[in-house]
Amino acid sequence: MYCVKCGVKLAEGEKICPLCNTPVWNPDELEKKATYPDSMPQHYNEADIPGAVVMTVISLLIITVVISVCLGLYKELRWGGYVVGGTLLFYIIVVLPRWFRHPNPVIFVPIDFVACALFLLYVNLATGGHWFLSFAFPVVGLCCLVTEATICLLKYVKRGKLFILSGFLMTVGLLTILVEFFEHITFDDKMFQWSQYSAGVLFITGVFFLITALVRPLRRAVERRFFF
């Protein structure tokens, strides 16, 4: 039997947990006394249509006002393009999933990253920069691939979440080195100014979760504690 609060294994006959002093109770005895309904309550995920409608109206109002002000003052969009682009980006990431009862992250995550890439492309063109193809595009693309792969594994693989988390953390650690590499070739910055620190922390954390997944008692303790 285990403690219901901290998960530590209890000896027979113990009345109080020796680690956290929580009173010990047997869930099997409680189950005998409890009564349950004949059928489980049903849970439905409803689409947030009212919230989506309100935020759609607000987004359209912001875009309309910004375009009207810019065209009235400057006869061109100027800074309004950033506001319009940011509003559209917010709408795609936050508002668009609210129209659906079961928004599938496997579909919406790539859409969000594509929207981010298009917004960065607009900023690059509007500012006359030359950093999109050599920096923004590969960084956004790699982040999209790593995030999408992790979401697919978590969604369709029922077991081994600690292994997935470990692989995700170590992959993100390596990704930070690639980000600094793209920064180096684009902006001519020095290599290994910051990425080795973030990569080291993420890699060590990933190794910890890998060891946790491999050691059965430790894995069970973590799974009970954090409900994996």
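Name the shape class, rounded, prolate or oblate, that the alpha-carbon gyration tensor gives for the stretch 156-212, where a ≥ b ≥ c are the square roots of its eigenvalues, rounded holds for a/c under 1.5, and otherwise prolate holds if a/b is larger than b/c and oblate otherwise.
Cα axes put the stretch 156-212 in the oblate bin.
Put +1 on the Cβ of each Lys and Arg and -1 on the Cβ of each Asp and Glu in the stretch 157-228; which of Leu169, Phe192, Leu210 then has its Cα farthest toward the positive end of the dipole?
Comparing the listed Cα positions along the dipole, Leu210 ranks first.
Quick one: His184, His130, fewest Cβ neighbours within 10 Å first, how do they rank?
His130, His184
Test of understanding: extend the Cα→C-beta vector of Leu214 to 7 Å, then name every residue of the stretch 139-182 with backbone N under 18 Å from that spot.
Zone members listed by number: 160-171.
Out of these labelled values of Rg and Dmax of the Cα atoms in Å, (1) 25.3, 82; (2) 17.6, 54; (3) 18.1, 60, which was calculated from the coordinates shown here?
Checking each listed value against the structure points to (1).
Can you tell me how the stretch 60-123 classifies by the Cα gyration tensor, rounded, prolate or oblate, using a/c under 1.5 as the rounded cut?
oblate
Going by alpha carbons, how many degrees (0 to 90, nearest 10) lie between the helix axis of 80-90 and the longest principal axis of the chain?
So the inclination is approximately 20 degrees.
Please list, in chain and number order, the residues 5+ apart from Tyr2 or on another chain whose amide H is under 5 Å from its amide H, with Hs placed from the backbone.
Placed amide hydrogens put Leu10 under 5 Å from Tyr2.
Could you work out how far the C-alpha centroid of the stretch 65-84 sits from that of the stretch 119-156, in angstrom?
27 Å
Hey, with R₀ at 30 Å, roughly what FRET efficiency would Asp189 and Leu153 work out to, going by the Cβ-Cβ distance, to 0.05?
Once rounded, the FRET efficiency stands at 0.35.
Using 1/(1 + (r/R0)^6) with R0 = 22 angstrom and r between the beta carbons of Ile67 and Ile93, what's the FRET efficiency to the nearest 0.05?
Details: r = 21 Å, r/R0 = 0.96.
So, using R0 = 22 Å, E works out to roughly 0.55.
Calculate the dipole size of the stretch 108-228 relative to its Cα centre from +1 charges on Lys and Arg beta carbons and -1 charges on Asp and Glu beta carbons; express the result in debye to the nearest 20.
1080 debye
Can you tell me the 0 to 90 degree angle between the C-alpha axis of helix 195-214 and the longest principal axis of the chain, rounded to 10?
In the chain, helix 195-214 runs at an angle near 30 degrees to the longest axis.
Bear in mind these aren't lab numbers, they're just calculated from the coordinates by the rules spelled out. This structure is a prediction, so every number in the text was calculated from the model and none was measured. For neighbour counting, all protein chains shown are included, and Cβ atoms are generated from backbone atoms with ideal geometry for every residue, glycine included.
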